[in-house]
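The values are calculated or read from the model by the stated rules, or taken from the named source; none is laboratory data. Remember, predicted model here, so these are calculated numbers, not experimental data. Glycine gets a Cβ as well: all are built from the backbone with ideal geometry, and neighbour counts include every protein chain shown. Please note that ligands, DNA and RNA were not included when accessible areas were found on the heavy atoms of the full protein model with its side chains. Shrake-Rupley method; radii C 1.70, N 1.55, O 1.52, S 1.80 Å.
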Amino acid sequence: MLNYIWGGLIVLSLVFALVSDLSDFIQDTYRNGKPLPVTVIFGENYSADALRQPVDVQILNRDLMSHYGDSLITGNTWPGVFLQTSAGQELRFAEGASLPEPLHTICDQTGQDDCRGTVRGTPISSNWQTTITFRPVRWIKMNAIAAAALDFAETAVTLALGLIGGLGLWMGLLKIAEASGMLQALVRFTQPLIRPLFPKVPKDHPALGLIVLNLSANMLGMGNAATPLGIKAMQELQTLNKTEDTATDPMVMLLAMNTASVQIMPPVTLVAIMGLQINQLFFSILITTVLSLTVGITAVKLLGRLKRYREVNS
Amino acid sequence: MNILQIFLDYASALVLPAILVGFPLYGMIRKVRIYEVFVDGAKEGFHVAVMIIPYVIAILFAIGMFRASGAMDFLTDLLRPVVGLIGIPAEVIPMGIVRPLTGSGSVGIILDMINQFGEDSIFVKMAATMFGSTETTFYVIAVYFGAINIRKTRHAVPAGLIADIFAMFAAVYVVLFLFG
């Protein structure tokens, strides 16, 4: 199933990006190469042959509307710079100018910090009416998905390496717990509760203790501790696995209990976002999480009986 | 309600220090060579982190592309009339779609919704309940199964998604029931 979902995500991204870019192309959404009327307002100390001078750039509502065929764009006056070079004349909007769509997108695509376009003619007055032509914009979504793929691949490495510290700490502590007999005591104490869900794990197996620790950490909203504990539990379950690369029933169950997330304490991130409001949500989260956990466990049990999901070596 | 909450508050604040001190202390009493054993175990942390990298890259890059392609908006528009029939407001659909895919993405959505509707809004409550009661399913699968090199995930994905979809509906109804 993961193969299909993964492939589906990739193929669908390509299809959607292509459709979106082609429709931009057909409708000429960004009016590539077409001049947009603007008024360049020069300051008091205007000089005809200054190479670079500060200006205000005014774009009128009606010009924007008729140019882009969208009645919701509003024009404004933005600060900018007027440049004259041997290659031509250029108008640059000040960095960080809040331009309306689609100007914003057009300028975003050019890769420069400020928004630029070429202007024609010579300034004849301090209120110079001319036109601006932006660099053509194409394949926006195609560029976006390529950039996102690279970006997220890097994020993945950052995320994974960020786990090293927590993983190391917990793996070390758990090794002590194992060597001192603590884990075994926990297993004996809690297995009547937990083993019905994991019937294929042998009695008194350390995996049961780690599962209990993982689930407790989840309940208390300690996400940072839950992950290493869960991984360690998975490693213990893997020692019982005869197939190496295929998940066993207990693994699927543990995973489902983690994705459904048994949270009694709301996760730290949510507390940070919601502030005081979180107190009101305490019960709604508790009820929802218990319901979805029940559904998750039932789904694992029922789906596990289907022929296509049945365990191979059992 | 308050007593339970206070108790949990204390528990989650005290459990971690108790473990950090308790485990080594108990080991010392049981005459375990705690320093050596700890280092021995901690060594594995690095190994596991490196091992999950390919799995997390695979999952995250596909999700990143999907988000960037604008497919999410299309999906939202597609689902709007369907889930509208059973009383799910269109405002919370993006959260339902993004939550199993990315954690940072769903945080972004909640922040957007707070800006748009205000913290008190029932939509924000629904989205926050969804966030609080489920996990980023695909990331969890990549990390947990990646750590032990499991590639054939069997029914883990469908079961996880069934629970996620159910949680999305449950969050809406529970919030409506409690606050509506």
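Key figures
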quantity	calculated
Neighbour count of at most 15 Cβ within 10 Å plus DSSP loop: longest trypsin sites (Lys or Arg not before Pro)-free window in chain B	B:34-150
Inter-chain Cβ neighbour average for residues A:293-304, partner chain, 10 Å	5
D_trans [Stokes-Einstein, Kirkwood Rh over alpha-carbon pairs] for the protein assembly as shown, 37 °C, 0.692 mPa s, µm² s⁻¹	127 µm²/s
Reachable lysines from A:Lys175, criterion Cα separation under 18 angstrom, eight or more residues apart if same chain	A:Lys232, B:Lys31, B:Lys43
Surface accessible to a 1.4 Å probe, per residue, for the residues of the range B:82-134, Å²	35 Å²
Equivalent ellipsoid semi-axes - Cα gyration tensor, the range A:130-192, angstrom	55, 13, 8
Fluctuation leader among B:Glu119, B:Glu135, B:Glu44 - chain B, Gaussian network, Cα springs under 10 angstrom	B:Glu44
For the range A:138-217, accessible area per residue (1.4 Å probe, heavy atoms of protein chains only), Å²	45 Å²
Computed over chain B, Cα set: Rg, Dmax in Å	20.9, 66
Estimated 222 nm signal from helices in chain B, with DSSP H stretches of n ≥ 4 weighted -39500 (n - 2.57), rounded to 500	-27000 deg cm²/dmol
Solvent exposure of the range A:249-314 as accessible area per residue, Å², 1.4 Å probe	44 Å²
Packing-based ranking, highest mean first, of A:162-169, B:57-64 given that Cβ atoms within 10 Å are counted	B:57-64, A:162-169
Other protein chain Cβ atoms within 10 Å, averaged over every residue that makes up A:33-41	0
Average beta-carbon neighbours from other chains, 10 Å sphere, peptide A:2-9	6
B:Met28/A:Thr105 FRET efficiency (R0 51 Å; Cβ-Cβ; nearest 0.05)	0.20
Loss of accessible area when A meets B, both sides summed, Å² nearest 100, probe 1.4 Å	8600 Å²
Largest-first principal axis extents of the Cα set of the range A:6-163 (Å)	60, 37, 29
The range A:237-314: relative contact order in percent, alpha carbon pairs under 8 Å with at least 6 residues between	38 percent
The range A:173-314: equivalent-ellipsoid semi-axes (sqrt of 5 x gyration tensor eigenvalues, Cα, Å)	27, 20, 12
Equivalent ellipsoid dimensions for the range A:93-161 as semi-axes, Å, which come from the Cα gyration tensor, largest first	36, 13, 9
Projected-area mean, the range A:216-290, by convex hull of Cα positions, square nanometres	5.4 nm²
Å³ per residue enclosed by the Cα convex hull of the range A:31-104	98 Å³
Helix-only CD estimate at 222 nm, as mean residue ellipticity for chain A, using -39500 (n - 2.57) per DSSP H run (n ≥ 4)	-17500 deg cm²/dmol
For the range A:78-121, alpha-carbon Rg and Dmax in angstrom	10.6, 31
Accessible-area composition of the protein assembly as shown, carbon plus sulfur, in percent [1.4 Å probe]	63 percent
Electrostatic dipole magnitude of chain A [Cβ: Lys, Arg +1; Asp, Glu -1; Cα centre; debye, to 20]	1420 debye
Listing of the range B:47-81 residues, each with accessible area lower by at least 40 Å² in the full protein assembly than in the chain alone (probe 1.4 Å)	B:Val48, B:Ala49, B:Ile53, B:Ile57, B:Leu60, B:Phe61, B:Ala62, B:Met65, B:Phe66, B:Ala68, B:Ser69
Extended-chain gain in nm, criterion 0.36 nm per residue less alpha-carbon gap, A:Glu44 and A:Thr239	62.1 nm
For the protein assembly as shown, share of DSSP beta bridges that run antiparallel, in % to the nearest 5	95 percent
